[in-house]
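Data block below; observations after.
The values are calculated or read from the model by the stated rules, or taken from the named source; none is laboratory data. Everything numeric here is computed off the predicted structure, so don't read it as measured data. So basically every Cβ, Gly included, is an ideal-geometry build from the backbone, and we count neighbours across all protein chains shown.
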Amino acid sequence: MDLTESPSQPSRRRRGLLIVLSSPSGAGKSTISRKLMEEDPTITMSISATTRPMRPGEVADVDYHFVDDQQFQNLVDADEFAEWAYVFEHRYGSPKEPIKEALKDGRDTLFDIDWQGTQQLEYAFRTDLVRIFILPPSMEELKRRLEERGTDTQDVIDFRMRRAAAEIGHWAEYDYVLINDDVEKCTEAVRAIVIAERQRRERQPYLLNFVRELVERPN
């Protein structure tokens, strides 16, 4: 339960939170993201713009904002992205304005991005950012999970494994690092981090006036 704001305490609105989950492909960040949002509907996923083609079952402006290369470049030139990067030959970017609005309104936004995007978000929104890196229990288990998905060729799996080693090398740049050897326990650990981070003093701007009134109020 989030006690930051209630109908009887409308002035106690905290500042929103930007939650980054990063991991190599297959380590579990997508599953953990889904579980986290199912358990807490106040957390929403950031909707990225992308140049990759729409996949079957996806909905424009719900799963992604699908744009062509020129439209994406126009957004880059206009400084509309908080972060953007090439991922598997396509470009992905997080629009800046929805992030600012969510922070101001006290809403939490979840990002499924890599270390490059995380570095850019840190530059733009450092005090609002919570960075969580998910590690697999072993490289053997990571490969098994990728193979078990049955969605990639062996060449793609081999590429993802090579990329995983490079991504894991950035683990020390994150605030929290979790080993996902049990997805339920790992999800609960992420949830505990979010709950604690919501209570940080700098995310509760109402406290200054609250404390002033508290100490100045006559007995």
Can you tell me which condition Phe210 does not meet? The list is (1) more than 26 Å from Arg34 (Cβ to Cβ); (2) assigned to a loop (DSSP other than H, G, I, E, B), and all the others hold. (2)
Extreme residue, farthest from the chain's Cα centre (by Cα), among residues of segment 46-69 that are assigned to a strand (DSSP E or B) and surrounded by 15 or more Cβ atoms within 10 Å (Cβ to Cβ): Phe66
Suppose the filter is acidic (Asp, Glu) and over 19 Å from Thr31 (Cα atoms); does Glu141 pass it? no
Does segment 164-172 contain at least one residue that is closer than 18 Å to Ile32 by Cα and surrounded by fewer than 16 Cβ atoms within 10 Å (Cβ to Cβ)? yes
Which residue pairs have Cβ atoms closer than 6 Å, lie 6 or more positions apart in sequence or on different chains, and pair a first residue in segment 135-164 that is β-branched (Val, Ile, Thr) with a second residue that is assigned to a helix (DSSP H, G or I) and modelled with pLDDT of 90 or more? Ile157/Leu146
Per-region count, segment 25-39, residues at pLDDT 90 or above and over 14 Å from the mean Cα position of the chain (by Cα): 3
Within segment 104-117, can one find any residue that is closer than 29 Å to Asp68 by Cα and loosely packed, with under 15 Cβ neighbours inside 10 Å? no
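Could you tell me which residue of segment 83-111 is modelled with the highest pLDDT, considering only residues that are in a strand (DSSP E or B) and under 20 Å from Ile157 (Cα atoms)?
Per the stated criteria, the residue is His90.
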For segment 12-45, give me the residue count where each residue is in a loop (DSSP other than H, G, I, E, B), surrounded by fewer than 19 Cβ atoms within 10 Å (Cβ to Cβ) and not β-branched (Val, Ile, Thr). 4
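Does Thr127 fit the bill of being surrounded by fewer than 17 Cβ atoms within 10 Å (Cβ to Cβ), touching a residue at least 40 places away in the same chain (Cβ under 8 Å), in a helix (DSSP H, G or I) and of a type in the set (Val, Ile, Thr)?
yes
Mind checking which residues of segment 142-168 are in a helix (DSSP H, G or I) and not charged (D, E, K, R)? Reasoning before the result, please.
At the first step, the residues of segment 142-168 found to be in a helix (DSSP H, G or I) are 142-149, 154-168.
Correct list: Leu142, Leu146, Gln154, Val156, Ile157, Phe159, Met161, Ala164, Ala165, Ala166, Ile168.
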Name every residue in segment 35-47 that is within 17 Å of Leu17 (Cα to Cα) and either of a type in the set (Gly, Ala, Ser) or in contact (Cβ under 8 Å) with a residue 60 or more places away in the chain (or both), in order of residue number. Leu36, Met37, Glu39, Asp40, Thr42, Ile43, Thr44, Met45, Ser46
